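Since the structure comes first, as structure tokens, the remarks are kept for the end.
The values are calculated or read from the model by the stated rules, or taken from the named source; none is laboratory data. As the structure is a prediction and not an experimental result, all values here were calculated from the model. Reconstructed Cβ throughout: ideal geometry from the backbone, glycine too, with neighbour counts over all protein chains shown.
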Amino acid sequence: MSRLENSQCFEEHPACREVRRSLAQREAELVEQLVRLADINSGSYNPDGHHLVANAVIESVEGFIPNPVERLTNPQNGELLALRWRHITPNTPRVLLNGHLDTVYEPESNFQTCSFSVDRKTINGPGVTDMKGGIVILFAALKAFLETEFANQLSWEILITFDEEIGSHKSRELLEQSARENDIGIVFESSLPDGSLIRNRMGTGLVEVEVQGKAAHSGRDFEKGKNAIVALSRFINLAHELNDSIPGGIINVAQTQGGGAVNVVPDRASAKINLRASDSQAEQAILDGLEKHANETGKRTGCSLSLTGGFTRPPKKADAKLEHLMSAWDNTASGMGEKLSWKDTGGASDGNILQAAGLANIDNLGAIGAHIHSEQEYIECSSLVSRAQLVASFLVNLSSGKFEFPRSTSQDSEHSPS
């Protein structure tokens, strides 16, 4: 039976309607929570802001999450890596609820506060969609679920990180640990602008190229110089041409730097190249192509080119486990009288890391909006409720036995019940 046919005959648990009625009354409250969080700068490189926004989140959930929060920090410098809550009931499904509180807007950005549209249906603000709106949805859905009779028929973990926008290098081990200890994952990245959910994601990475040439006076000894900028220019043109020969690959030369005094042949230049690949074959083809062109450019120009970096988030492909999970979400939406749309994207998320570690997950069940990573970023206020209703309904159906998923190999005894 296809996913569509299955969803057409699905009957949700009656408690789903109650959680949706409860959430329908909370839009103004959720909007207020979002504005409070978005007005706190928590750029990826602002550790003070991370503590401030963490405190705001913890304060907002103290009334309905009795479980103590864990502030996971770097023991060497006290840097806040993540917030984690856990509730374990033995022999129940385990769900990871994941998000991040860092944004791309640093303290020096001009984009620091929220503003409403004239009709108050949208909010323009830093991180409202990516992804502080998703954090609000996460806790709203969980609160509604915890008010049902099934609150103790589900184990859940909340993991909120502070470095997703810069690659999740510091939180990766925490994400992989959570992937091993849960059965399925829900990540609250933003939905696509039309509300679609994401089926396949590209893998992403970064390569830095450093060019070492030979300096010389451009008038007296021009012929003795080895121009690093010329070598870099040749290399990045060849790198860009890989876009035409590698299916499923994207090579974006994003930053260049080099040169000094105009009367000197430049001996240093560098570039940063953003990489994206739809599968492991494209990943390897990109890396091999860059290495080949670096070697060829070095031989032709007499400069030395060194490459560092690589892919940090693997591609997220819809396998059988993910298709099964997608079917459960299709069924949940069908019970609400709605139909989900699924699309592929070139963007990556922590969902890529979680799936690579073995956890099937849907990773953009957050807010609906557009223009993320720009000063035009906005959220549709109504999506705070509609997405929370969808997630809460899914949790009810899961905990009441409507859905079944393979259990994690991790044992319930690893963490004491809360």
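If you go through the range 183-194 one residue at a time, do you hit one that is in the same structural domain as residue 79 (by TED's automatic domain parsing), under 30 Å from residue 389 (Cβ atoms), polar (S, T, N, Q) and surrounded by 22 or more Cβ atoms within 10 Å (Cβ to Cβ)?
yes
Any idea which residue in the range 361-398 is surrounded by the fewest Cβ atoms within 10 Å (Cβ to Cβ), counting only those that are assigned to a loop (DSSP other than H, G, I, E, B) and of a type in the set (Gly, Ala, Ser)?
374
Inside the range 269-290, can you point out the residues that are closer than 18 Å to residue 303 by Cα, of a type in the set (A, V, I, L, M) and either free of Cβ contacts under 8 Å to residues at least 60 places away in the same chain or part of a strand (DSSP E or B) (or both)?
Scanning the range 269-290 gives 269, 271.
Residues being part of a loop (DSSP other than H, G, I, E, B) and of a type outside the set (Gly, Ala, Ser): count how many of those fall in the range 28-42.
The number of residues fulfilling the criteria is 3.
Checking the condition among the basic types (Lys, Arg) and within 30 Å of residue 386 (Cα to Cα), which residue from 292, 299, 321 passes?
Testing whether each residue is among the basic types (Lys, Arg) and within 30 Å of residue 386 (Cα to Cα) leaves just 321.
Picking from 230, 253, which residue would you name as being in contact with a His (Cβ under 8 Å, 6 or more places away or on another chain) and either free of Cβ contacts under 8 Å to residues at least 40 places away in the same chain or assigned to a helix (DSSP H, G or I) (or both)?
Values: 230 fails: in contact with a His (Cβ under 8 Å, 6 or more places away or on another chain).
When all the criteria are applied, what remains is 253.
So if I check each of 129, 92, which one is surrounded by fewer than 24 Cβ atoms within 10 Å (Cβ to Cβ), in the same structural domain as residue 367 (by TED's automatic domain parsing) and either part of a loop (DSSP other than H, G, I, E, B) or of a type outside the set (Asp, Glu) (or both)?
Every option except 92 fails the conditions.
A quick yes/no check of all residues on (1) surrounded by 17 or more Cβ atoms within 10 Å (Cβ to Cβ); (2) of a type outside the set (A, V, I, L, M, F, W, C); (3) assigned by TED's automatic domain parsing to the domain that holds residue 397; (4) farther than 30 Å from residue 363 by Cα:
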| residue | (1), (2), (3), (4) |
| --- | --- |
| 254 | no, no, no, no |
| 282 | yes, no, no, no |
| 297 | yes, yes, no, yes |
| 330 | yes, yes, yes, no |
| 341 | no, yes, yes, no |
